[in-house]
Amino acid sequence: MSKPIIAIVGRPNVGKSTLFNKLIGERRSIVEDTPGVTRDRIYGETEWNGRVLSLIDTGGIEPKTDDIILSQMKIQAEIAIEDADVIIFMCDVRTGLTAADRDICVMLKKSGKPIIPCINKCDRVGDLPFEFYEFYELGLTIDPVAVSSIHGSGTGDLLDACCECLADWEDDGDEHEGIRVAVIGKPNAGKSSIVNRFLGENRMIVSSIAGTTRDAVDTQVVNDLGTFTFIDTAGIRRQSKIGDQIEKYSVLRAHMAVERADVCLIMIDASVGITEQDEKIAGIAHEAGKASIIVVNKWDSIEKDNSTVKAFTDKIRTSLAYMPYAPIAFVSAKTGQRTEGLYDLIKEVYESSHVRISTGALNDVLGEAMMRVQPPTDKGKRLKIYYMTQTQVAPPTFVLFCNVAELFHFSYQRYIENCLREVYGFKGTPIKMVIKQKGDEPDIKVKRDKKKGEDGEE
C-alpha cells in the first residue's frame with residue numbers, strides 16, 4: 001500500500017531540514033548521500049493519527065538565480081512537488097514575507113496541490129509576532145501554521161493540517177492495475193526501452209492510467225499471464241545537462257516509483273557494468289521490502305564467451321550481496337532478447353512475496369532447523385526460540401519469540417531465513433525477521449535481512 005507524500009519546500013535556510021528531522025524523530029543527514037546501500041537521505045516517514053506519511057526534504061529554492069548549485073536544488077524541489085500529495089511551504093517569520101517567498105508561492109500554486117504555509121521560528125507559544133500575519137497576503141486557501149522546528153511547537157497543528165488535506169486521499173493501487181512494476185535504474189540503463197518493448201510485443205493495451213497525484217503516465221498491459229502496470233521513471237533523462245547531480249534525481253525518482261510498486265525491475269547497463277549508483281538504487285527496493293528482479297540490459301552489445309554470464313553474475317552478487325534472493329535476467333530491450341520471459345519472472349516473484357504460511361507449518365521448519373543447528377549460547381546461557389508466526393506479506397514478515405533477544409545473533413537469523421527459503425522458495429522477495437523477547441512491549445524492532453554494520457544503520 002502506498003503512502004501519501006508530503007514535500008517540504010521553501011527558500012534556503014528557513015529551517016526545512018530541522019523540521020524534517022523533528023517530524024521523523026531523528027537526526028538524519030539529508031544533504032550528502034552515503035555511498036553504498038543506504039537510503040537517499042532526503043526521505044523519511046512519520047506517523048500521525050494512525051496514518052503513515054512519507055516526507056521529502058528538498059533543497060532551498062531560489063526562483064531567480066544563475067548559480068548552478070542553486071539551480072540544481074530548484075530542479076530537485078520541482079521533482080518533489082510534482083509527485084507530492086501535499087506541499088508544506090516553509091517561510092521564516094524573522095525575515096518576514098520576501099519577494100522570493102512570493103515567487104515560490106506562485107510556482108507552487110501552478111502545481112494544483114494543497115499548500116500549507118508553515119511559518120517557522122515562532123518560538124514564543126501563544127505570542128505571534130506581527131510579521132506572522134504578513135503571510136496571509138499569499139492568498140492561500142489554508143491559513144498559515146506557526147511552528148518552531150527547533151523546539152517542535154506547532155508541529156502537531158501542522159500534521160493535523162496535512163491530514164485534513166488528505167481526507168479524500170486514496171491509495172492509487174487499485175486491483176484493476178494488476179501487478180505494479182517499477183522500472184528503476186540509472187539514466188540510460190534502458191528503462192524506457194524495455195517498457196516500449198513490452199508495449200510492442202503485447203498489443204492488448206487496456207489504457208494509459210494517469211496517477212492520481214502524478215503527472216507521469218503509467219502504462220498498463222494485459223496478456224495471457226494477467227494485467228501489468230509499468231511505472232517508468234525515465235522522465236529524469238531530460239535533466240541530462242546538469243552533470244553528476246543527475247544521480248541525485250534518479251534516486252529521487254526511484255523512491256517515488258518503488259513506493260507505489262509491487263515488483264521492481266532494477267535495470268543495469270551491461271556495457272557499463274554495475275556501479276555504486278546501481279547499488280544505491282537497488283538498496284531502495286531492498287529497504288522498502290519490494291520483490292525485485294535484477295535486469296541486465298544491452299546484453300547484445302557484450303562480447304561473450306563461455307564464462308561471461310558467470311563472471312557478470314558473480315560481480316552482481318558481490319556488489320548486491322544484501323539481496324541474494326533477487327533473480328538475474330540478461331536481456332536486450334533493443335532486440336527483444338529474453339524480454340518475453342520477464343513476465344513469468346515478474347509474476348513468480350510477486351506471488352512469492354504474497355506467500356502466507358500457517359504457524360504450524362512454520363514451527364515444523366523451525367523445529368527441524370534447531371535440531372540441525374543448535375541455537376547459540378553466550379556465557380552459559382542458551383537461546384531458546386519458543387515459536388514463530390507470520391504477521392504479514394509483501395514482504396513476508398515473521399515474528400520469532402525467544403527468551404533473550406540479544407542471544408539471537410544475526411547469523412542465526414540468516415540461518416533460519418535460509419531454512420525457510422529452502423522449503424518455501426521466496427524467490428525474488430526479501431524476508432523480514434522480527435525478534436520478540438518474552439515480556440517485550442508491542443513495538444518490536446524489525447531486523448532487516450542485511451548484515452549488521454553493512455551500512456551503519458544497524
- Long-range neighbours under 8 Å by Cβ, at least six apart or interchain, first residue touching a residue at least 24 places away in the same chain (Cβ under 8 Å) within the stretch 342-358, second among the basic types (Lys, Arg): GLU348/LYS427; VAL349/LYS427; SER352/LYS427; SER353/LYS290
- Note on the structure: For the stretch 327-349, the count of residues that are within 16 Å of LEU225 (Cα to Cα) and open to solvent by less than 60 Å² (accessible area, probe 1.4 Å) equals 7
- Query: If we scan the stretch 83-102, do we find a residue that is more than 22 Å from GLU131 (Cβ to Cβ) and at pLDDT below 85?
  - Reply: yes
- Item | Cross-chain or 6+ apart pairs with Cβ under 7 Å, the stretch 363-381 first and closer than 10 Å to TYR412 by Cα, then in a strand (DSSP E or B) and open to solvent by 40 Å² or more (accessible area, probe 1.4 Å) | PRO375/ARG382
- Among helices (runs of 4 or more DSSP H) lying entirely in the stretch 307-399, which contain 3 or more residues that are touching a strand residue (DSSP E or B) at 6+ places or on another chain (Cβ under 9 Å) and of a type outside the set (Val, Ile, Thr)? 341-353, 359-372
- Query: Can you find a residue in the stretch 192-205 that is modelled with pLDDT of 85 or more and either exposed (fewer than 14 other Cβ atoms within 10 Å of the Cβ) or assigned to a strand (DSSP E or B) (or both)?
  - Reply: no
- Looking only at the stretch 99-109, decide whether some residue is touching a residue at least 12 places away in the same chain (Cβ under 8 Å), in a loop (DSSP other than H, G, I, E, B) and surrounded by 14 or more Cβ atoms within 10 Å (Cβ to Cβ). no
- Query: Which one is surrounded by the fewest Cβ atoms within 10 Å (Cβ to Cβ), of the residues in the stretch 356-399 that are under 14 Å from GLY289 (Cβ atoms) and β-branched (Val, Ile, Thr)?
  - Reply: THR391
- Would you point out the residue of the stretch 371-402, among those that are modelled with pLDDT of 90 or more and among the polar types (S, T, N, Q), that is nearest to ILE357 (Cα to Cα)? GLN390
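Could you please give the count of residues in the stretch 44-59 that are surrounded by fewer than 18 Cβ atoms within 10 Å (Cβ to Cβ) and either within 10 Å of ALA7 (Cβ to Cβ) or in contact with a strand residue (DSSP E or B) (Cβ under 9 Å, 6 or more places away or on another chain) (or both)?
Final tally of qualifying residues: 3.
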- Note on the structure: Within the stretch 278-306, the residues that are closer than 15 Å to GLY190 by Cα, open to solvent by 10 Å² or more (accessible area, probe 1.4 Å), part of a helix (DSSP H, G or I) and in contact with a Lys or Arg (Cβ under 8 Å, 6 or more places away or on another chain) are ASP300
- Can you run down the residue pairs with Cβ atoms below 9 Å, 6 or more apart or on separate chains, where the first is in the stretch 154-168 and assigned to a helix (DSSP H, G or I) and the partner is of a type in the set (S, T, N, Q) and surrounded by fewer than 19 Cβ atoms within 10 Å (Cβ to Cβ)? LEU159/THR46; LEU159/ASN49; ASP160/ASN49; CYS163/ASN49
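The values are calculated or read from the model by the stated rules, or taken from the named source; none is laboratory data. For clarity, every value in this text was computed on a predicted model and none was experimentally measured. A quick note on method: Cβ atoms are made from the backbone with ideal geometry, for glycine too, and the neighbour counts reach across all protein chains shown. Areas reflect the complete protein model, heavy atoms only, side chains present, ligands, DNA and RNA absent. Shrake-Rupley method; radii C 1.70, N 1.55, O 1.52, S 1.80 Å.
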